[in-house]
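A.B. asks: Quick one: the structure is below, questions incoming.
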């Protein structure tokens, strides 16, 4: 079974991304562009065609590499928009990602290729085009709950898409959350949880809560929903 060491942040109260500004757009066209941010070690001066480099190239590495980048249309003042974050949702499959604004485009969004690919995980884009919704969000939201670092994560084949997002009967959270609306069950990927904040006396307390999981090597992150516990303490995480 493959493993990777990850840093986790547990979002306790709500499976949401930070509040941020209220501005949003619906059914926007999104294409991909190759900033080559990761290949250029997140250096805006070396990456391809970054308009905001004159404002943000000197920002700390941690700031520049926290999110993938995007160009955005319908902007007024470029300087005021550079560095802000938007949370993007693929209307076709519900995949979500937060990206940072580094420039403008004529209309819609031009997403860095890795960000586009995360949204298009099922490969259903039409000619490299997605229809997305987006909203401005806080780039540094306060976590809703505690977190853990350097945790080992394994994988498990729940196969939610093949099973139409029906909770398996053996899942700890099936009784509590198995009848939740389909949209709720499919909004995030699934995970079992039995980490630091797991309570053996009341395992259902964690059901439905979310974890933001960050790979400590690549910095890629994903939000997943707790729907099970690990099998009989076989590993600290599963």
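A.B. asks: Quick one: 205, 110, 172, fewest Cβ neighbours within 10 Å first, how do they rank?
C.D. replies: Neighbour counts put them in this order, fewest first: 205, 172, 110.
A.B. asks: If you don't mind, there's one more thing I want to ask. For Cα pairs less than 8 Å apart in space and 6+ apart in sequence, what is the mean separation divided by the residue count of the stretch 24-137, i.e. the relative contact order in percent? If you can, show how the numbers build up before the last one.
C.D. replies: Details: 231 pairs, mean separation 44.6, N = 114.
Over the stretch 24-137, the number comes to 39 percent.
A.B. asks: Which shape class applies to the stretch 24-137: rounded if a/c is under 1.5, otherwise prolate when a/b exceeds b/c and oblate if not, where a ≥ b ≥ c are the square roots of the Cα gyration tensor eigenvalues? Mind showing how you got there, number by number?
C.D. replies: On the way: a/c = 1.87, a/b = 1.44, b/c = 1.30.
Note, shape of the stretch 24-137 comes out prolate.
A.B. asks: Okay, moving on. Just report the Cα centroid separation between the stretch 122-168 and the stretch 19-92, whole Å.
C.D. replies: 20 Å
Taken together, the values in this text are just the output of simple stated rules run on the coordinates, not laboratory data. Remember, predicted model here, so these are calculated numbers, not experimental data. Quick reminder, even Gly has a Cβ in these numbers, built from the backbone with ideal geometry, and neighbours come from all protein chains shown.
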